[in-house]
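Below is one structure, written out as structure tokens; the observations come after it.
The values are calculated or read from the model by the stated rules, or taken from the named source; none is laboratory data. Small disclaimer: the values here were computed from a predicted structure and weren't measured. Because the Cβ atoms are built from the backbone with ideal geometry, glycine has one as well, and the counts that use them run over all protein chains shown.
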Amino acid sequence: MFFNIIDSDCSSGCSTAPLINPRTKRNLWDVPVASKADIDIAVQAARRAFGSWKLLTLEKRQHYLLELADKLETERNEIHYALANETGKSDLLAQMEIDDSLDFIKFNASQPLDDEVEFEDEKLKIISTHAPIGVVGAICPWNFPLVLAVAKIAAALVTGNCIIVKPSPFTPCATLKFAELAIPILPPGVLQALNGNNDIGQIMTLHPGIDKISFTGSTATGKKVAENAARTLKRVTLELGGNDASIVCPDVDVQAVATKLALGVFFHSGQMCVATKRVYVHQIIFAEFRDAFVQAVRAIEVKVAGHQPSLFSPLQNKMQYDIVKELIKDSRGNGYNIICGGEPEEGLPGFFITPTVVDRPPDDSQIVQKEQFGPIIPLMEWSAEDEVVARVNDTDAGLGSCVWASDIATAERIARKLEVGTVWINNFEVPSPYGYFSGWKQSGVGGEWGRQGLRSYCHTQTIQFYN
Ligand code: NAD
């Protein structure tokens, strides 16, 4: 059973909605759906709670977070069951997401939030302090529902805010269960979670009792969030879509990099905001690299059972499944060379699509321009550094990128020319609680995680002392 968690109570919602298991397309569970009245009650509870929560010491709030981490660890089987079933992740992938969630809680519980001295002389001292913003509304997507929600919860709470989380209606269960597990730990109203459709998200962005929206989702929705939040001048952090590129330099160990890159590209079937979505390989090694990459891709196991050490998944929902099928159709229709995959997986009941590789489609093709968010990847050739940098930067997205090179100085030089929030050198995209995470251009506004990310949950107050 799953409940909306409002003011420390388990609520069944004004109605329920069925969830689908992406591995089987069978009905999973009914989940509660919140109403506008539920949001109003939650906002009132959060505002009440904020008055005393913000006055606790940082150490006390950190202690609460560590209790949440302990609870998540002891109840991980229950969370795992919800998470693996609703997302379609393998047991291994769901366990990894719980481990990542624990890392985010522990990171946030370990950070200082000290005042900073900005200026000091005999007459004047100026300090900056970091005060909480108030009630945060967190709106989350379906691909990594637990860790993305938990990262927002941990940062908001430790900085002295209260938070209301709206998970994606495709994957609300692990988040609702996490908030339920927190009931005996946190004071009422500090952490609340309400499942709802897009309209509930919109109500939150317009609500005058919510002071900040932390949104993770698509760029199209992010623009609506920004527009609605502007009406009450809420603080807004937007973590949006990407079209990350991997640049492979000519000096790499071809076999090793091709294998690693294939793992990253098809991790959770590419349903990761920072998964590589375009691969640019230097022309000197292109043919050898392509063969090694395709060999690694063909070795990926696609099985209906989740009890396997696989990092590959079905698409989480029909909408995303149809987007990927359309991209395959477009690639085929335009005569691009599909060198492996390109079909829904035969004989499997869920939203599975075979890992698919497209050989050198044109730069203006749909598969290069669009965020596919699924198991299909274009491979392209490059020959000059400035040319590949220009092609990689020639997009509205600016979330992340990877550079693969044996010569680290070359990799770093390229990295610094890329218009993206994070660059990974010689690894696929592995977000870390320690690294500030932000999208440039239309991939976001502001950022989260890392020390700098904690500041996004704070007002900076300047205090000037005169002698
Ligand atoms: P989405 O934008 O469709 O939905 C995200 C959330 O917004 C859901 O909870 C949804 O109910 C809510 N929502 C929808 N319309 C709304 C509105 N008008 N007002 C307020 N809330 C509204 O995104 P999705 O399909 O769930 O997730 C996939 C997208 O998220 C991809 O584009 C992916 O790149 C992006 N993403 C980004 C990051 C990041 O950190 N940058 C991380 C994960 C996913």
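Of note:
- Within region 89-107, the only residue that satisfies the criterion of being assigned to a helix (DSSP H, G or I) and basic (Lys, Arg) is Lys106.
- With respect to (1) of a type outside the set (Ser, Thr, Tyr); (2) in contact (Cβ under 8 Å) with a residue 40 or more places away in the chain; (3) within 9 Å of the ligand (Cβ to nearest atom), the lone exception for Pro188 is condition (3).
- When Gly264 is tested against the conditions (1) buried (at least 16 other Cβ atoms within 10 Å of the Cβ); (2) outside the structural domain of Gly447 (by TED's automatic domain parsing); (3) more than 23 Å from Leu311 (Cα to Cα), the lone failure is (3).
- Residue count for region 49-83 satisfying the condition of being touching a strand residue (DSSP E or B) at 6+ places or on another chain (Cβ under 9 Å) and either outside any helix (DSSP H, G or I) or closer than 19 Å to Asp9 by Cα (or both): 5.
- Counted residues, region 288-309 - those being within 15 Å of Thr259 (Cβ to Cβ), assigned to a loop (DSSP other than H, G, I, E, B) and in contact with a helix residue (DSSP H, G or I) (Cβ under 8 Å, 6 or more places away or on another chain): 1
- Selected residue (criterion: nearest to the ligand (Cβ to nearest atom)) from residues of region 232-271 that are more than 19 Å from Ala415 (Cα to Cα) and part of a strand (DSSP E or B): Glu239
- Only residues that are away from the ligand (no atom under 16 Å from the Cβ) and either surrounded by 22 or more Cβ atoms within 10 Å (Cβ to Cβ) or among the hydroxyl-bearing types (Ser, Thr, Tyr) (or both) were counted in region 390-401, giving 1.
- Matching entry among Val430, Val423 (being within 16 Å of the ligand (Cβ to nearest atom) and part of a strand (DSSP E or B)): Val423
- Note on region 218-236: among residues that are out of contact with any helix residue (DSSP H, G or I) (no Cβ under 6 Å at 6 or more places or on another chain) and buried (at least 23 other Cβ atoms within 10 Å of the Cβ), the one that is farthest from Phe437 (Cα to Cα) is Lys234.
- Among the residues of region 312-328, the ones that are in a helix (DSSP H, G or I) and hydroxyl-bearing (Ser, Thr, Tyr) come to 1 in all.
- Applying the criterion of being without any contact (Cβ under 8 Å) to a residue 60 or more places away in the chain and basic (Lys, Arg) to the residues of region 193-231, the residue that is nearest to the ligand (Cβ to nearest atom) is Lys224.
- Within region 208-228, the set of residues being under 16 Å from Asn243 (Cβ atoms) and aliphatic (A, V, I, L, M) comprises Ala220 only.
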